[in-house]
Structures are given as structure tokens and as C-alpha cells.
Amino acid sequence: MTKQTFTRHEEPEYAFESLLRFLRDSRGFDFTGYKRTSLMRRVRHRMDHLRIETFAEYLDLLQADSDEFAALFNTILINVTSFFRDPDAWEVIRDEIIPALLAQRSPTDPIRVWSAGCASGQEAYTLAMLFAEAMGTDAFRQRVKVYATDVDEHALSEARQATYDAAAVESVPAELLSKYFDAQGVRYVFRKDLRRAVIFGRNDLVQDAPISRIDLLVCRNTLMYFNAETQKRVLGRLHFALAAHGALFLGHAEMLLSHSQRFTPLNLKHRIFRKAMGTHAPLEPADPVEYPAERFGDLPGLDPVRELAFRASPVPQIVITGDDTVAMINQQAETLFGLSPRDIGRLLRDLEVSYRPIELRTYLEQAKVERRNARIQDVEWQRPGAESTWLEIHVNPLVAADNGLLGVSIVFFDVSATRSLLDKLVQTNRQLESAYEELQSTNEELETTNEELQSTVEELETTNEELQSTNEELETMNEELQSTNDELQTINDTLRDRTIELDESKEFLDSVVNSVRMGLVVIDREMRVVVWNRGCEELWGVRSDEAEGNSLSRLDIGLPLTELRPMLGNAFVDPSFQGSVTLSAINRRGRHTEIRVLCTPFKTGSGWVKGALLLMEAGGTPSGQ
Ligand SMILES: C[S@@+](CC[C@H](N)C(=O)[O-])C[C@H]1O[C@@H](n2cnc3c(N)ncnc32)[C@H](O)[C@@H]1O
């Protein structure tokens, strides 16, 4: 099957994912948790450098060339860093966090610090300086360990050397620079005795186990390269790494959205947090409720009191005997059901109340046969022209001490008020629930917006870092150009000197040539005039600028060239030739004159004949004058 080819814009998304999977499976480095956009941009950056169009082609290259991985790795991992990066935040670390941390520990307790994603080490040495300042160098050496880790071995080996150029240490305050660095030539080396407290090692925050019991964990400008899912996972590990009350210091664009309950802010502006311990006390058991015991005395003459009390009871009640005869009706029941004392002695089943608002027979039977209380809730009684009344009806058997059935009490509780209150409560509850849901969804939206904002900020931050790194690239290129420019300048200076020398030589030669009083002509092998001296100008009346470059035979001079040619022919072929001839010619004034011509070959330094040299002298009275 032939492989389908795409242009960059047509290439499907999975091509990039395949590339990431290849890197993970073959090189053990998992970039799948990195933010796609910036990651893609970095990979494309590398591809553009190699003039590779698609991820598929680049994957082919990675499979074929094992060195390419290192170059890609370097392009992806941005190592931008500096001493005291974001100085305001470091001031808080120096003035608040470190003193508080030291105050919590006893004077001999070890202090464990971790710079995670340390790049070329500036952050780790910044920490070392601040702790040494706070504790004194002796205590620092004895108690402090600064673990500094990164995934990038190349950055780590730079960090281990602990040597920086002048530009890198520019952000170190002068007094700290002189105290903690030794100048070596143009470089600054971190003090060896304190350097030993800084331990560098490779640790992949995404895949490797964290260091534990850390008092101050600095993980800055590294989380922001990860997507939300991976950030969450890494933050879980950082939480685990911290000792109780340990502090976490993030980059100024980094947040703890998904872990806010596990860290409490110490300084939100500068992204400094403390590990929250999250202990929960068990619930206290409730006090048992005590009820007072009820005691009744059987006193004489109480019956009428009881009768009256029954009649006056605010709750409607009817009592029937065991054979269903109405025994008692109180006033409230009379009013509610339109009964009267005349109904006493009638069978209950003959009264409307026995089946309206509810059929009572089953409950009465139950009370009589099974001696069981019944509680009938939510009974609606709709009377014509009136609002619904809601009743709760209690049907209770009246049982004698010997368990014989005396009768049944039917009590009607008007629960309309409670019911409407309940309805209102239910309604309010529903409203509250829907308001809560709305709130929750608004909250979720806000959270999403917040996360989006956060990721935009991080994205901008990343872009900023990339711009910074591009800037550094430009800076390097600028320096290279500068050095090329310096070289060109030197070449230019040399050329100028040579030109002056040449001018001087030419002037000297012109003087020599023009000092010869005879006419001196040099011609090349094509008979073109190369040198025409002042003697010639005087002899023939042709200026050197008219003669030089022109063929001798074309010059308007009265020299019979046909007679000269054999001699010139000899001079061109014989390097040792020397000939002379006297010719009858016509000079510039138009007079006949005898011209003596000497001819030799014109040779290069190596003896090669380039042309001929002629010396001409007016040699006597011209014939016929
Ligand atoms: C921009 S630098 C930050 C350096 C320093 N912390 C600072 O803020 O100046 C980000 C560092 O994170 C490192 N890094 C990226 N992915 C990592 C990972 N999975 N585990 C550990 N370090 C990682 C990079 O190699 C790089 O050195």
C-alpha cells in the first residue's frame, strides 16, 4: 500500500499524536501531557529549521536519525531562567517565608528545599544564597540541602558547573555576587563550599516519584507547559512531596485551580502557598433525650372535668363504642361535620362523617380487630364554596386494662396551615434548588472561563518565554554578525592599506615611465597600448588616455607600422629578442623625422612574454628637409 501524502495544512491531527507516541515509546519521554499549541509550535519550529513539511515526514526522520531527538528535545524544553527571577516574589521568600520556616524548626533541624524544573541552576543557587544569608553560611552547610532537578540533562550539566557569564549574574545583587561568587576570568563561579549543599539530579515531574519531606518547594514556570490534566497530576505529587506546613512557590502565571483545597495561600499575588493538612474531627454523639415520666392520680369528681375538657378540646374528636355507636362528639367535631349531641347513640355508619372525607370503616375495623392505631395523612376535604381543608386522622382503639375493647377514638387534626406551609416550603425549596443549580452552572461557567483565562495567560506566558528565547537566538545571531562585521572591517582596513601602497607604486612607476625622455610604449600581444609615456605624447601628439587601451595600429601617428611588425613579431616569440630599427616617420608637427626604435619583449616576472616594449627617439634630420 502506498503511503498517503499530505501538505502541512491537510495533515490530520493524529499525525502529531503518532509522533508524540513514538517519542514516548521509543525514547521514554512523554510529551503527551504538554499543552498542544505551544508544543506543536516548538516541534514545527524544529521542522522549519530542517525544512520539513509534515509531522509524518518528521517522524520518518526521527526514526532514521537518533541524534535528531536531542535537537528536538532542546527545542521543546525552554530553559529560560535567571537568578532572582521576579525579584518582588523573591523578596517575599527572603523576608517572610524563609524566616517563618526557620522559626518553626529547631536550630538543628535539617532544612530540605527542592527546585523542580531548575533549568541551568540559577533558581537553586538563588535559594542557596537566601538560606545562607538567613542562617549564616556555617549553619547553611550543616542543615540545608537544596535538591535541584530537571528533565533536561543538558541544562543539568550546565547547572552542575555553577559558572555563569557576566550577563547571567547581572540580576544578582552586588553584595551577594561578591560574597557568593568567585570571579574567574570573565566568568563567575558559585562558592564551592556552599555548592556542595546543592544536589542536582534528573527528575521527570510527570513520570518520576517526587522527593519527600520538603520544607520549601519551588516549581516555577514549568507547570505552565503542561495541560490541565497533567498539571493536576503533578500538583498531587508536589502536595505529597511537601512536609507538614511546607510551602510551595509557583511561577507568577501559575495557579492551583484544581488543588485549591489542598493548599492555602500565603501570598496569592506571588503564588506562594502552604500545604493544608485537612484533618477532620469525628462527629460528637448526640445527647440522649430524656422525657419526664407521666403520672396520673385517680381522684374522685374528675369525670365532669374530663367531660368538659373533652368537649372543649380544640381538636375535633368522635368516640364510638365497640359496636360502632357514637359515644362522644366534641364541639369542634360538631362544628366541622355539622353534627349535634343528638347524634350520640346513633350508629357511626349512618353519619356522613363515616365515609366523607374518607371511608373510615377499614381503619375502624383494624382498630377494633387488630388493636392497631392508624394515622391517615393528607386527607383532602373539599366542601362546596370553601377552600380545601387538609386533615390528618388518627384512629385509636380504646383498650381496657384487661385488653377488652372499650371503643375507638377518631381525632381529626386540621393540617391545612402546616400543609400550605409545607407546600410553600417545597416550592421555596424547588426555587432554591433551581437557583442553586443556576448558581452552580454559573459557577462552573465561571470556573471554565477562569481556567480558559488561566490557560490563555499561561499560553501568553509561554509565548512570552518563546519570544524571549527567540530574542536570545536573535541576540546570539547579532553577536555572530557583529563578529563577522569586525572581521570584514579588518579586511577592509588591509585592503585600504594595500590600495594606498598600490597607488604609491603606480605613482612611482608613472614617474619612472615619464622620466624616460624617449617615447616608451608597451603593447600587449593584441597590439593594444598598455603604457604610453609623456615622451610618446611629445613625439606623436597623442595623449596617454587616448592611446592606452587602443590598438597601436589604429592610432593616428606617423610611424610606419608595417616596417615595425617583423621586429614586434620576433619580440612576441623570443623572450631574449632585442632589436632596433631606424624608420622614417612624420612627427606631430607633420614633419618628416628619423625615428630610432628599440624593441624588446615585455615579460612577466616568470619570464612569460606578455607583449613588447618599444623605445622611440627622434634620431636626426628627416630626409628631404
Ligand atoms: C522555563 S524553565 C524554568 C526554570 C526555572 N524554574 C525558572 O522559573 O526560572 C522550565 C524548565 O522545566 C523543565 N521541564 C520541562 N518539562 C519537565 C518535566 N516533565 N519534568 C521536569 N522538568 C521539566 C525544562 O527542561 C526547563 O528547564
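Every read-out reported here was derived from the displayed coordinates using simple, explicitly stated rules and does not represent laboratory data. Given the structure is predicted, the values throughout are model-derived calculations rather than measurements. Note that each Cβ is placed from the backbone with ideal geometry, even for glycine, and that neighbours are counted across all protein chains shown.
Any idea which of THR428, PHE413, CYS536 is furthest toward the positive side of the dipole for the chain, if Lys and Arg beta-carbons carry +1 and Asp and Glu beta-carbons -1?
Farthest towards the positive pole: CYS536.
If Rh is defined by the Kirkwood formula over all Cα pairs and Rg also comes from Cα, what ratio Rg/Rh do you get for the chain?
Result: Rg/Rh = 1.49.
Using the per-residue mean of other Cβ atoms lying within 10 Å as a proxy for protection, in what order, highest first, do the peptides 373-383, 348-358, 222-232 fall?
Ranking the peptides 373-383, 348-358, 222-232 by packing returns 222-232, 348-358, 373-383.
Considering the options ALA119, TRP90, ALA134, tell which one lies farthest towards the positive end of the dipole of segment 1-155, charges being +1 on Lys and Arg and -1 on Asp and Glu at the Cβ, about the Cα centre.
Going by the charge dipole, the pick is ALA134.
Below 8 Å between Cα atoms, with a sequence gap of 6+, how large is the relative contact order for segment 314-414 in percent?
Relative contact order comes out at 28 percent.
Do the alpha carbons of any pairs in LYS232/LYS269; LYS506/LYS603; LYS179/LYS275; LYS145/LYS232; LYS232/LYS275 sit beyond 25 Å of each other, and which pairs?
Over 25 Å Cα-Cα: LYS179/LYS275; LYS145/LYS232.
What full-extension length gain, to one decimal in nm, is calculated for VAL186 and THR418 as 0.36 nm per residue of separation minus the Cα-Cα distance?
Length gained between VAL186 and THR418: 74.6 nm.
When Lys and Arg each count +1 and Asp and Glu each count -1, what net charge do the other residues less than 13 Å away from LEU348, Cβ to Cβ, add up to?
-2
Can you give the charge dipole size of segment 68-223 about its Cα centre, rounded to the nearest 20 debye, using +1 on the beta carbon of Lys and Arg and -1 on the beta carbon of Asp and Glu?
600
Treating only the Cβ atoms of Lys and Arg (+1) and Asp and Glu (-1) as charged, compute the dipole magnitude of the chain about its Cα centre; round to the nearest 20 debye.
Here the size comes out at about 1300 debye.
Determine the gain in length on full extension of the stretch VAL581-GLU546; use 0.36 nm per residue of separation and subtract their C-alpha separation, reporting nm with one decimal.
Full extension of this stretch gives 10.0 nm more.
Let me check against my output: what whole-number percent is the relative contact order of segment 3-113, with C-alpha pairs under 8 Å and at least 6 apart?
23
When all alpha-carbon pairs of segment 87-275 are counted, what percent fall beyond 20 Å?
53
Taking the simple approach of a point 7 Å from Cα along Cα-to-Cβ for both LEU50 and ASN443, what is their distance in nm?
Placing both labels 7 Å along Cα→Cβ, they lie 4.9 nm apart.
Please compute the net charge surrounding ASP503, taking Lys and Arg as +1 and Asp and Glu as -1 over other residues with Cβ under 15 Å from its Cβ.
Summing Lys and Arg as +1 and Asp and Glu as -1 gives -2.
Go through ASN373, LEU453, VAL319 and say which Cα lies farthest out towards the positive end of the charge dipole of the chain; charges sit on Cβ, +1 for Lys and Arg, -1 for Asp and Glu.
In the chain, that residue is LEU453.
If the cut-off is a Cα-Cα distance under 12 Å, which aspartates and glutamates reach LYS192, setting aside same-chain residues fewer than 8 apart in sequence?
ASP182
Normalized C-alpha radius of gyration of segment 180-242, against 2.2 N^0.38 Å?
1.50
How high is the relative contact order of the chain, in percent, with contacts defined as C-alpha pairs under 8 Å that are six or more residues apart?
Details: 872 pairs, mean separation 42.1, N = 625.
About 7 percent, as a whole number.
To the nearest 0.05, what FRET efficiency results for ASP165 and THR32 with a Förster distance of 30 Å applied to their C-beta separation?
For ASP165 and THR32, the calculated efficiency is 0.25.
Please give the contour-minus-distance gain from ASN492 to VAL512: 0.36 nm per residue of separation, less the Cα-Cα distance, rounded to one decimal in nm.
Difference between extended and current length: 4.2 nm.
Give me the orientation-averaged projected area of the Cα convex hull of segment 501-618, in nm², one decimal.
7.1
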